[in-house]
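Coordinate-derived values only; no laboratory data. The shown structure was predicted, so the numbers you read here are calculated from the model rather than taken from an experiment. Heads up, the Cβs are rebuilt from the backbone with ideal geometry, glycines too, and the neighbour counts pull from every protein chain shown.
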Amino acid sequence: MGAREGRSLNRRYRGRDYATNVLSFPAELPSGVAAPLLGDIVISAPVVEREAREQAKPLRDHYAHLAVHGVLHLLGHDHQRERDATRMEALEARILASLDIANPY
């Protein structure tokens, strides 16, 4: 997704008027349909590339971090409250460490 589309989706679904790096959309399956589907993750390549450059992170690692972050949201994790953010960040760091990726925080 491009930055313009990312901004539009972020504004529409989260009420935030800026291009974000990743958005997660939980699956809304019809009643009675059982499928191993969590939902969709949308990553904005231009935003991720800019952030990786600005933060001096390997691009591959930043993409991996955002993919993990998006999946955790689909699994019900959130970071709206400080305590939840701390837990989610620690979980992300552990998952990324298992992939030999440095702690992004």
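Working note: Cα gyration tensor of the chain, eigenvalues times five, square-rooted, sorted largest first, giving semi-axes of 23, 19, 14 Å.
Phi-derived couplings, Karplus 6.51 cos²θ - 1.76 cosθ + 1.60 at θ = phi - 60°, listed residue by residue for the stretch 100-105: 6, 10, 5, 4, x, 9 Hz, with x used for Gly and Pro. Between residue 38 and any residue 5 or more places off or on another chain, the built amide H atoms are never under 5 Å apart. With the simple model of a label 7 Å out from the Cα in the direction of the Cβ, residue 78 to residue 37 spans 2.4 nm. Entry note, the stretch 40-105: relative contact order of 26 percent, from Cα contacts under 8 Å with a spacing of 6+ residues.
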